[in-house]
Amino acid sequence: GTMSVEDYVDKDSGELKTKTSITLYAPSNKIDAFMDDIEDFGDDQVVVFSASKQLINLLSAKMDKHGYKHGLITGDIVDDFERQEYIDRFQEGKLQFILVTTAAGGTGLTLTAANTAVFLSRPWSMIESEQAEGRVLRIGSEIHDSVTYVDYVSTGTVDEHVMDVLDGKLGRLEDILQDKDLLRKYIAGEL
């Protein structure tokens, strides 16, 4: 795969931040790729986001198998106490990794102990995507010099279109939905 790192100035704080993008070549599996990289995170506190609960659950099972302790916040975890326990342990540095579905982790979640946010997949919604990033960049994240965002993007898949939509390159999602050919490919799973 390829990796690109770009520095940018955060428009709210004026701080210099770093953005890292990793592009994987199909048929690389994102979970395998993350597991390959897991040691490279060192002591970083990492939040792993995905729009897909399936992807989060698969990664969780893989991490369990390899002995990596982690928290989980998905729609399946309805017990508020359990959910809060994971958040507290992550915030206290007792858990290095916390796996979050963007839908479940959208609001009311503070994960400012994180200095790295990984997106295995992004939601189509710009708002949901920004809310996820905001979980990490809330008050308290000033303790970090920078927060690194890592996106795992499988080439030749719908991931690329999601990133383009979120980057504003493709305009709005409706543009894709109005493009019959793109839509057909999307539905057929060719993207």
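Determine whether Thr112 is hydroxyl-bearing (Ser, Thr, Tyr), in a loop (DSSP other than H, G, I, E, B) and at pLDDT below 80.
So Thr112 fails the test.
Among Gln45, Gln96, which is modelled with pLDDT of 90 or more, farther than 27 Å from Met126 by Cβ and surrounded by 12 or more Cβ atoms within 10 Å (Cβ to Cβ)?
Answer to the selection: Gln96.
What are the residues in region 55-90 that are more than 20 Å from Val118 (Cα to Cα) and part of a loop (DSSP other than H, G, I, E, B), if any?
Hits for region 55-90 are Asp76, Ile77, Val78, Asp79.
Here are some conditions: (1) modelled with pLDDT under 85; (2) open to solvent by 20 Å² or more (accessible area, probe 1.4 Å). Thr102 meets all but one. Which one does it not meet?
(2)
Looking at region 56-80, which of the residues that are within 20 Å of Tyr152 (Cα to Cα) and out of contact with any strand residue (DSSP E or B) (no Cβ under 9 Å at 6 or more places or on another chain) is most open to solvent (accessible area, probe 1.4 Å)?
Leu58
The values are calculated or read from the model by the stated rules, or taken from the named source; none is laboratory data. Since we're looking at a predicted model, the values are computed, not measured. Note that each Cβ is placed from the backbone with ideal geometry, even for glycine, and that neighbours are counted across all protein chains shown. Please note that ligands, DNA and RNA were not included when accessible areas were found on the heavy atoms of the full protein model with its side chains. Shrake-Rupley method; radii C 1.70, N 1.55, O 1.52, S 1.80 Å.
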